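**Q** Got a structure here, written out as structure tokens. Questions coming.
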Amino acid sequence: NKKAFVELLFWKSPAIVCEMTKGYSSLQEGEGTTRSRVPPWTPQEEQELRELYWKYKEVEGGDIIAAILARLPTPGRTRRQVVKQLVRM
């Protein structure tokens, strides 16, 4: 590709570099992007998250997110995912 040098002028993630070297659309479905690995929040999970937030937001001196993570019915959610979803809601 004669114009590949232009792509080198911009920052790339490791997944994109792999795709550039092996050929475009060489990545398998769900590989290389974090967004596809994160399961979406179901309405039931959002409702549970909302209830837990309102339950623990008044507790002083405690970590609200840690309390919510300990009581979420779905295991595997990270602190960052919970905070991001709370901000989004």
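What follows is calculated from the coordinates using simple rules that are stated; it is not laboratory data. These numbers were taken from a predicted model, which means no experiment stands behind them.
**Q** Across segment 77-86, in residue order, what do the Karplus-derived ³J(HN,Hα) couplings come to in whole Hz, using 6.51 cos²θ - 1.76 cosθ + 1.60 with θ = phi - 60° and x for Gly and Pro?
**A** Using θ = phi - 60°, the values come out as 7, 8, 4, 5, 5, 5, 4, 4, 5, 5 Hz.
**Q** To make sure I understand the rule: partners must be lysines, Cα under 17 Å from the Cα of residue 3, and not fewer than 8 residues away in the same chain. Which ones qualify?
**A** 12, 22
**Q** When the C-alpha atoms of segment 37-88 are aligned to their principal axes, what extent does each axis show, in angstrom, from largest down?
**A** 34, 20, 17
**Q** Hey, another quick one. What list of ³J(HN,Hα) couplings, whole Hz, do you get for segment 14-21 from phi and the Karplus terms 6.51, -1.76, 1.60, once you set θ to phi - 60° and write x for glycine and proline?
**A** Those phi angles translate into x, 5, 6, 4, 4, 5, 5, 6 Hz.
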